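These notes concern the structure reproduced below.
The values are calculated or read from the model by the stated rules, or taken from the named source; none is laboratory data. Worth saying up front: this structure is predicted, and the values here are computed from it rather than measured. When we count neighbours, we look across all protein chains shown, and the Cβ atoms used for this are built from the backbone with ideal geometry, even at glycine.
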Amino acid sequence: MLISWKGFYISVKSFKCLTSKLIKVCQCSPQYMFDITEDGDECMVQLMQKGSRDKENATIGFTILKVELNREYRIHDLNLQEKVVSTVYRNSRSTFLRHGPLKKGRYVVIPSTFDPNVEASYLFRVYTSTFNNFKELTQEKPVKSWYNCCGKAPVMVTHVKVVRAAGLEKQDRSGTADPYCIIQCEGKKVTTSTCKSTINPEWDMSALFYRSSPLKKPLVIQIWNNNLLRDEFMGQHEFKSVDELREQTVVLSLFGNKKNETTVEKPGKLTITITQLKDLMAV
């Protein structure tokens, strides 16, 4: 039963088709976020333009991207995101797509016209089988709140993708584990899904952090084993570098999380891809 939906008219100033290799997403294009809360779910997306007797239909379509688990702001660089699917751009009144199965995570849909400098009104709907937290992304970056006058403004943005781990410590009699990652930075936390029965997990999940004190508060990535009663710590890495990086893949060693174990190396290696920049609108 399809219970989550959203529909309303929006004004769109479009850009060239997203199937081309764009570095930046045009600022005037709308972006809509939704969540898939269960692996294997599917989505149905409908884009319908407002009809007019004295005007030809615009050539319309949309692209679905898999984004960071905690993204709350508009996308500025498509290269950091995983393209899931794109419709064929047609001058029909309505475009419909049913796509799945999808992995658990957060997605963004970008509707547009094919030709630049074309403006039109649309009815836009997203359907999923569970609550999908659907909303439009309108803000470009974090805005300092009036009630947080003593807090620091962000000075760096970090995009980190946890790709995989290899050779983790065995956690059960069968010689496997159920590992997941916790990505922490400046009081915020993002948790990946659990990979079942493996010591060589592949997550391919990303998170985004706007950082006020990158020198004092490093990015921390922990790996835990999922248990029925109490999860077991498997290793962590503190990424202390504040150098500007763009899509750099790094293989990291794992260490303990206690004071006397911070230099004790744990079994396994963690592979991440990281981008961190001082331009908050670069991602």
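Of all residues in the stretch 101-123 being crowded, with 22+ Cβ neighbours inside 10 Å and among the aromatic types (F, W, Y), which is modelled with the highest pLDDT?
Going through the qualifying residues, I end up with Y107.
Checking the conditions here, which among P154, P111 is more than 27 Å from T273 (Cβ to Cβ) and either within 20 Å of the chain's Cα centre (by Cα) or of a type in the set (A, V, I, L, M) (or both)? Talk me through it step by step, then tell me what you get.
Values: P154 fails: more than 27 Å from T273 (Cβ to Cβ).
So the residue among P154, P111 that is more than 27 Å from T273 (Cβ to Cβ) and either within 20 Å of the chain's Cα centre (by Cα) or of a type in the set (A, V, I, L, M) (or both) is P111.
Out of all the residues in the stretch 219-238, is one or more part of a strand (DSSP E or B), at positive phi and in contact with a Pro (Cβ under 9 Å, 6 or more places away or on another chain)?
If we filter the stretch 219-238 for residues that are part of a strand (DSSP E or B), which is where we start, we get 219-225, 232-238.
Going one step further and asking which of them are at positive phi, we end up with 235.
In the following step, the residues that additionally are in contact with a Pro (Cβ under 9 Å, 6 or more places away or on another chain) were identified as 235.
Yes - at least one qualifying residue is present in the stretch 219-238.
Residues of the stretch 159-184 being part of a strand (DSSP E or B) and either of a type outside the set (A, V, I, L, M, F, W, C) or in contact with a Pro (Cβ under 8 Å, 6 or more places away or on another chain) (or both), which ones? If you could, list the steps in order and put the result at the bottom.
Taking the stretch 159-184 first, the residues part of a strand (DSSP E or B) are 159-166, 179-184.
Result: H159, K161, R164, A165, P179, Y180, Q184.
Considering the stretch 265-283 alone, what residues qualify as being crowded, with 16+ Cβ neighbours inside 10 Å and aliphatic (A, V, I, L, M)?
L270, I272, I274, L277, L280, A282, V283
Looking for something in contact with a strand residue (DSSP E or B) (Cβ under 7 Å, 6 or more places away or on another chain) and within 17 Å of S241 (Cα to Cα) - is there at least one such residue anywhere in the stretch 123-139?
Taking the stretch 123-139 first, the residues in contact with a strand residue (DSSP E or B) (Cβ under 7 Å, 6 or more places away or on another chain) are 123-137.
Checking which are within 17 Å of S241 (Cα to Cα) leaves us with none.
So far as the stretch 123-139 goes, no, none of its residues is in contact with a strand residue (DSSP E or B) (Cβ under 7 Å, 6 or more places away or on another chain) and within 17 Å of S241 (Cα to Cα).
Here are the criteria: (1) closer than 14 Å to G235 by Cα; (2) surrounded by 20 or more Cβ atoms within 10 Å (Cβ to Cβ). Tell me which single one T192 does not satisfy.
(1)
Residues being assigned to a strand (DSSP E or B) and either among the aliphatic types (A, V, I, L, M) or within 20 Å of Q171 (Cβ to Cβ) (or both): count how many of those fall in the stretch 244-270. Break it down stepwise before answering.
The initial filter retains those residues of the stretch 244-270 that are assigned to a strand (DSSP E or B), namely 245-255, 265-270.
Pick out the ones that are also either among the aliphatic types (A, V, I, L, M) or within 20 Å of Q171 (Cβ to Cβ) (or both) and you get 245, 250-255, 265-270.
Count: 13.
Can you tell me which condition S241 does not meet? The list is (1) loosely packed, with under 13 Cβ neighbours inside 10 Å; (2) polar (S, T, N, Q); (3) over 16 Å from D172 (Cα atoms), and all the others hold.
Status for S241: all satisfied but (1).
Show the residue pairs that are 6+ apart or on different chains and have beta-carbon atoms under 9 Å apart, the first residue being within the stretch 47-69 and farther than 26 Å from L102 by Cα, the second being among the charged types (D, E, K, R) and part of a strand (DSSP E or B).
N57/R90; A58/E119; T59/R90
Please state which one of T249, T262 is surrounded by fewer than 20 Cβ atoms within 10 Å (Cβ to Cβ) and under 24 Å from K104 (Cβ atoms).
Numbers: T262 fails: under 24 Å from K104 (Cβ atoms).
T249 is the lone residue from the list that is surrounded by fewer than 20 Cβ atoms within 10 Å (Cβ to Cβ) and under 24 Å from K104 (Cβ atoms).
For the stretch 56-74, give me each residue that is in a loop (DSSP other than H, G, I, E, B) and either in contact with a strand residue (DSSP E or B) (Cβ under 9 Å, 6 or more places away or on another chain) or under 19 Å from K141 (Cα atoms) (or both). Talk me through it step by step, then tell me what you get.
Step one: of the stretch 56-74, the residues in a loop (DSSP other than H, G, I, E, B) are 56-59, 68-74.
Passing the criteria: N57, A58, T59, E68, L69, N70, R71, E72, Y73, R74.
Taking the stated definitions as given, is P218 crowded, with 20+ Cβ neighbours inside 10 Å and either at pLDDT 95 or above or not polar (S, T, N, Q) (or both)?
Values: crowded, with 20+ Cβ neighbours inside 10 Å: no; either at pLDDT 95 or above or not polar (S, T, N, Q) (or both): yes.
No; evaluated as a whole, the condition is false for this residue.
Tally time: how many residues in the stretch 48-78 are at pLDDT below 90 and under 13 Å from H159 (Cα atoms)?
Residues meeting the conditions: 2.
Is it the case that T95 is in contact with a Ser or Thr (Cβ under 6 Å, 6 or more places away or on another chain) and not in a strand (DSSP E or B)? Explain how you work it out, then say what you get.
Values: in contact with a Ser or Thr (Cβ under 6 Å, 6 or more places away or on another chain): yes; not in a strand (DSSP E or B): no.
No: the conditions fail for T95.
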